[in-house]
Amino acid sequence: MSEAFVALESTVIAHGLPYPQNLETAKRLEEVVRAEGAEPKTIALLGGKVRVGLTADELEYLAKAKGVRKVSRRDLPIAIAMGQDGATTVAGTMYLANRAGIHVFATGGIGGVHRGHVFDVSADLLELAQTPVVVVCAGAKAILDLPATLEVLETHGVPVIGYGTDEFPAFYSRSSGLPVDQRVDSPEDVARIYIAQRRLGLPTGMLVTVPVPEEHEVPREEIEPVIERAVREAEEKGLRGKDITPFLLARISELTEGWSLRANLALLENNARVAARISRALSELWS
Ligand code: PSU
Ligand code: MN
């Protein structure tokens, strides 16, 4: 059996969670992956160099550093040529993971279509359309337009799998009322779908969505008014482009005095565990 790797992103460390929870989480996710018998590789750019796998000191540096560039697909060549530090988004991480031969990647939530801005479509969605990596996440945050996000994934031929669920999870909440393309209940089934996709010569990745563990779920009715308020504030501040997501994440955490943060940490850990199991199943079934 070849070694099972799990890629982890760094935008969630540098821009998605506050210090010190970001550092604790980054370390915890690596531990969880190792406990499942897989090898974690946190991906980032340091001084313009692509790093697939960070040391403990490097993780700490990224968690504390200010002004680290948020690196999506378009930013990769710029940050490298300019010798910058960069925290990679889902799109940036997928691209680098694939080049390093890593097939499975765990994160919290993917970017999507922003509410009220139909042209603010995260590069995460288009990366899923062209990079053959399994992305394990808790769906997308309700800060986004979830029906529009699913439509874009469909247009681009990206399979959306529900892991133990028939519904697309909405990050803090287990349900969204929106269906997935297929429910599966084992890591082997995910591996088989991925293998079939590769044998067909399809260029796409796939999205495996895992609901937040029940005991940490925040009901939709409770989080929705908070999200609406944060989205309104982002409008009032005139935020655009890549600044919107970090603002909303931080604001929601503030407004909920940390209970949304606890849900965020719980789902990240759960996703890392599921990703490790998928990666192991893949290395056993794929010959
Ligand atoms: N959603 C979360 N937490 C995050 C992100 C999204 O719940 O940390 C990060 C991911 O790195 C994702 C990025 O790839 O935000 C999307 O940003 P944008 O909308 O600018 O593409
Ligand atoms: Mn965006």
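If I take the Cα coordinates of segment 130-274 and project them onto the principal axes, what are the three extents in Å, biggest first?
Extents along the principal axes, in whole Å: 48, 33, 24.
According to the Kirkwood expression over distinct Cα-Cα pairs, how big is the hydrodynamic radius of segment 8-77, in Å?
In segment 8-77 this quantity evaluates to 12.4 Å.
Using a 1.4 angstrom probe with every protein chain in place, what is the largest-first accessible-area order of Phe119, Phe171, Phe247?
Reading off the accessible areas and sorting them downward yields Phe119, Phe247, Phe171.
Could you tell me which GluC sites (Glu not before Pro) in segment 250-287 are loop residues by DSSP with no more than 15 other beta carbons within 10 angstrom of their beta carbon?
Glu257
Answer rounded, prolate or oblate for segment 141-215, using the Cα gyration tensor with square roots of eigenvalues a ≥ b ≥ c: rounded when a/c is under 1.5, else prolate when a/b is larger than b/c, else oblate.
Oblate, since a/c reaches 1.5 and b/c is not below a/b.
Sequence-distant or interchain residues sharing an amide H contact under 5 Å with Val71, placed H: which?
Excluding prolines and chain starts, which carry no amide H, the hits are Ala87, Thr88, Thr89.
Can you give me the accessible area per residue for the chain, using a 1.4 Å probe, in Å²?
On the way: 12310 Å² over 287 residues.
Here the residues of the chain average 43 Å² of exposed surface.
With a length cut of 27 Å (Cα positions projected on each helix's long axis) and a Kyte-Doolittle mean of at least -1.0, go through the chain and give me the DSSP H helices that pass.
259-285
Assuming R0 = 22 Å, can you tell me the calculated FRET efficiency for the pair Arg28 and Ala250, based on Cβ-Cβ distance, to the nearest 0.05?
Computed FRET efficiency for Arg28 and Ala250 comes out at 0.60.
If I build a Gaussian network model for the chain, linking alpha-carbon pairs within less than 10 angstrom, which residue out of Leu128, Leu202, Leu59 has the largest mean-square fluctuation?
Result for the chain, Cα springs under 10 Å: Leu202 fluctuates most.
Using only the Cα atoms, work out Rg/Rh for segment 61-152, with Rh taken as the Kirkwood radius, to two decimals.
0.98
Would you kindly work out the equivalent ellipsoid of the chain from its C-alpha gyration tensor and give its semi-axes, the square roots of five times the eigenvalues, largest first in whole Å?
Semi-axes, largest first: 25, 23, 19 Å.
Specify the residue with the greatest mean-square fluctuation among Val135, Val208, Val218, computed from a Gaussian network of the chain linking alpha-carbon atoms under 10 Å apart.
The residue with the greatest mean-square fluctuation here is Val218.
Using +1 at the Cβ of each Lys and Arg and -1 at the Cβ of each Asp and Glu in segment 5-285, identify which of Ala263, Thr165, Val52 lies farthest towards the dipole's positive end.
With unit charges placed on the Cβ atoms, the residue in question is Val52.
Among Gln182, Val68, Thr89, which residue has its Cα furthest toward the positive end of the charge dipole of the chain, with +1 on Lys/Arg Cβ and -1 on Asp/Glu Cβ?
Farthest towards the positive end: Val68.
About its Cα centre, how strong a charge dipole does the chain have in debye, to the nearest 20, once Lys and Arg get +1 and Asp and Glu get -1 at the Cβ?
940
Using r as the Cβ-Cβ distance of Glu222 and Gln182, and R0 as 35 Å, what FRET efficiency do you calculate, to the nearest 0.05?
Working: r = 30 Å, r/R0 = 0.84.
Calculated transfer efficiency: 0.75.
Among 45-55, 28-38, what's the highest-first ranking by average C-beta atoms within 10 angstrom per residue? Please list the in-between numbers first.
Numbers: 45-55: 16.5, 28-38: 19.1.
Top of the packing list down: 28-38, 45-55.
Taking H placed 1.01 Å from N in the peptide plane, check which residues at least 5 places from Leu46 or on another chain put their amide H under 5 Å from its amide H.
Hits under the 5 Å cutoff: Arg51, Gly86.
From zero outward in steps of 5 Å, how is the percent of C-alpha pairs of segment 19-58 spread across the bins?
6, 22, 28, 24, 15, 4, 1
The values are calculated or read from the model by the stated rules, or taken from the named source; none is laboratory data. Given the structure is predicted, the values throughout are model-derived calculations rather than measurements. Note that each Cβ is placed from the backbone with ideal geometry, even for glycine, and that neighbours are counted across all protein chains shown. Areas reflect the complete protein model, heavy atoms only, side chains present, ligands, DNA and RNA absent. Shrake-Rupley method; radii C 1.70, N 1.55, O 1.52, S 1.80 Å.
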